[in-house]
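Read the structure below first, then the notes.
The values are calculated or read from the model by the stated rules, or taken from the named source; none is laboratory data. Keep in mind the model is a prediction, meaning the values are calculated, not measured. With ideal geometry, Cβ positions are generated from the backbone for all residues, glycine too; neighbour counts draw on all protein chains shown. Just so you know, the surface numbers come from the protein's heavy atoms only, side chains and all, with ligands and any DNA or RNA stripped out. Shrake-Rupley method; radii C 1.70, N 1.55, O 1.52, S 1.80 Å.
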Amino acid sequence: MQQQTMFDNPAAQPLAARLRPTCLEDYVGQQHLLGEGKVLRRLIEADQITSMIFWGPPGVGKTTLARIIAQRTRSEFIDFSAVTSGIKEIRRVMEQAETNRRFGGRTILFVDEIHRFNKAQQDAFLPFVEKGSILLIGATTENPSFEINGALLSRCKVFVLQPLGQEDLVALLRRALTDPRGFGGQEIQIAEDMLESIASFANGDARAALSTLEMVLLNGETDPDGAVTVTWETIGQCTAKKSLLYDKKGEEHYNLISALHKSMRNSDPDAAVYWLARMLEAGEDPLYVARRVVRFASEDIGLADPRALEQAVAAYQACHFLGMPECTVHLTQAVVYLSLVPKSNALYTAYETAKKDAQEQLAEPVPLVIRNGVTKLMGELGYGKGYQYAHSTADKLTTMQCLPDSLLGRTYYSPTDQGQEARFAQRLAQIKDWKKRHSGHEN
């Protein structure tokens, strides 16, 4: 006989596990998918589900929803971990599912963190998904477009699960206080605004909200009769550090740096500082952020304010010297400065346009007049013949042709009238006018 342990006792499980919903009626959130008449609810109620991917942040109910679907559609449910399983385990489970199919049964294979499977492991599912041996439900916190093989993804419907709202989380916390599986049998004194504070701290994550509530109650003040009173001091101790959703190699990494870049481009210093703080407080390397700021200084500002690049490079050097957390103020200075100064993408546009010509005309020769005739043979071949030294002229300008014949007259840099670039635009116009007057055509 197998000996029973404390882990077999449901009361010993974490609060989130004890309160896991077992039916759609108790499931909280995702109304855009599960509300009356919504697509996923219709598929479940009609028992017409197909293989699918649930994509969303942690704690929004991906595993719970898969279990509810299996129960609601009378399917055998196999819980499979992408962290601990390999191809051998996949094939063994697939054989079990194929046997089940031959006897008229249906198997739902739930794969948590499916993005952790490599290509070979994901490919092992394909033949069984194609012939219907399994209905695959994968859960991932990463963008399926990047992390799941195209062949497998094309056979699955992707459903995006959203972080739970404040009201949803507060409702879950209230249920935990009254449900017998939670703390329904105890007398607990906790203010409504304390529940709201816990919900805010959880940041859309139901598991985090319930875990925090459990910690708060376990650390509350207990009187001789067993009643628990929660104070703000206890709340503060249990919510001292919020865990920010962030993956330095995942999609959220690129989402946040994009948010910072576009906030600066839109001259919104408040938004820019917020996204900066989101990244740094979640553990992002400040040098990575500083490199992106340096790029922004020339891509989106350029000669509209040449000092922008100086500010950005100085911030990078400060980050290198000091590191976190001291360098946060230097990055903030750079981000605010770059948000407020005039903007110009003329340098970015100039290079991208020239790059296209360079790629399409790679064999275009350098005009002889601007080649260096450093040997006798080169001189005989015409290298440097007719070269005009601008410093020897009164205006420091010449009419010498520097572009290849096929690109003669091509314009790459078109300055804007923003900030100091207006001065460069005026100077460029003077140069072009001088060359036109002295050569009879515009170079």
(request) Under 15 Å Cα to Cα from residue 119, which aspartates and glutamates show up? Leave out anything in the same chain fewer than 8 places away. (result) 147
(message) If I model a spin label at residue 426 and residue 295 as a point 7 Å from the Cα along the Cα→Cβ vector, what separation in nanometres do I get?
(response) 3.5 nm
(request) Run the accessible area of the chain with a 1.4 Å probe and give the carbon-and-sulfur part as a rounded percent. (result) 51 percent
(message) Take the residue pairs 376/435; 262/432; 88/157; 262/435; 343/432 and return only those whose Cα atoms are more than 30 Å apart.
(response) 376/435; 262/432; 262/435
(message) Of the candidates 47, 225, 270, which one comes out as most mobile in a Gaussian network treatment of the chain with C-alpha springs shorter than 10 Å?
(response) 225
(request) Enter the accessible area per residue of the chain (Å², integer; probe 1.4 Å; all protein chains in place). (result) 56 Å²
(request) Sort 154, 298 by accessible area with a 1.4 Å probe, largest first. (result) 154, 298
(message) Report for the chain the percent antiparallel among DSSP-assigned beta bridges with both residues inside it, nearest 5.
(response) 10 percent
(request) Find out how many positive minus negative residues lie around residue 18, taking Lys and Arg as positive, Asp and Glu as negative, among other residues whose Cβ is under 10 Å from that of residue 18. (result) 0
(message) Less than 14 Å Cβ to Cβ from residue 361, Lys/Arg counted +1 and Asp/Glu -1: what total charge do the surrounding residues give?
(response) -1
(message) Using the Kirkwood formula on the Cα atoms of the chain, what hydrodynamic radius do you get, in angstrom to one decimal?
(response) 27.8 Å
(request) Report the full-extension gain for the segment residue 192 to residue 351: residue separation times 0.36 nm, less the Cα-Cα distance, to one decimal in nm. (result) 51.5 nm
(request) At 7 Å along the Cα-to-beta-carbon direction for both residue 39 and residue 358, put a label point, then send me their distance in nm to one decimal. (result) 4.4 nm
(request) Could you state how much accessible area residue 232 has, in square angstrom rounded to the nearest 10, with a 1.4 Å probe and all protein chains kept in place? (result) 130 Å²
(message) Charges at C-beta only: +1 for Lys and Arg, -1 for Asp and Glu. How large is the resulting dipole of the chain about its Cα centre, in Debye rounded to 20?
(response) 2020 debye
(request) Using a Gaussian network model of the chain whose springs link C-alpha atoms within less than 10 Å, name the residue from 376, 131, 119 with the highest mean-square fluctuation. (result) 376
(request) State the extension gain, in nm to one decimal, for the chain segment bounded by residue 413 and residue 13, taking 0.36 nm per residue of separation less the distance between their alpha-carbons. (result) 137.4 nm
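At 1.4 Å probe size, put 117, 146 in order of accessible surface, largest to smallest.
146, 117
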(request) Report the calculated FRET efficiency for residue 131 and residue 23 (r = Cβ-Cβ distance, R0 = 41 Å), to the nearest 0.05. (result) 0.85
(request) Would you calculate a helix-derived [θ] at 222 nm for the chain, using -39,500 (n - 2.57) for each DSSP H run of n ≥ 4 and dividing by the full residue count, to the nearest 500? (result) -14000 deg cm²/dmol
(request) Largest first and in whole Å, give the semi-axes of the range 367-437's equivalent ellipsoid, each being the square root of 5 times a Cα gyration tensor eigenvalue. (result) 30, 14, 10
(request) With springs only between Cα atoms under 10 Å apart, run a GNM on the chain and tell me which of 269, 224, 325 wobbles the most. (result) 224
(message) Rounded to the nearest 10 Å², what accessible area does residue 107 have for a 1.4 Å probe in the complete protein model?
(response) 0 Å²
(message) Averaging the inverse of every distinct alpha carbon separation and then flipping it gives the Kirkwood radius. What is it for the range 23-135, in angstrom units?
(response) 14.9 Å
(request) Give me the distance between the Cα centres of the range 212-233 and the range 16-61, rounded to whole Å. (result) 33 Å
(request) Keeping every protein chain in place, order 133, 258 by accessible area at 1.4 Å, biggest value first, i.e. largest first. (result) 258, 133
(message) Rounded to the nearest 10 Å², what accessible area does residue 268 have for a 1.4 Å probe in the complete protein model?
(response) 60 Å²
(message) Given all pairs of different Cα atoms, what value in angstroms does the Kirkwood hydrodynamic radius of the range 284-443 take?
(response) 18.8 Å
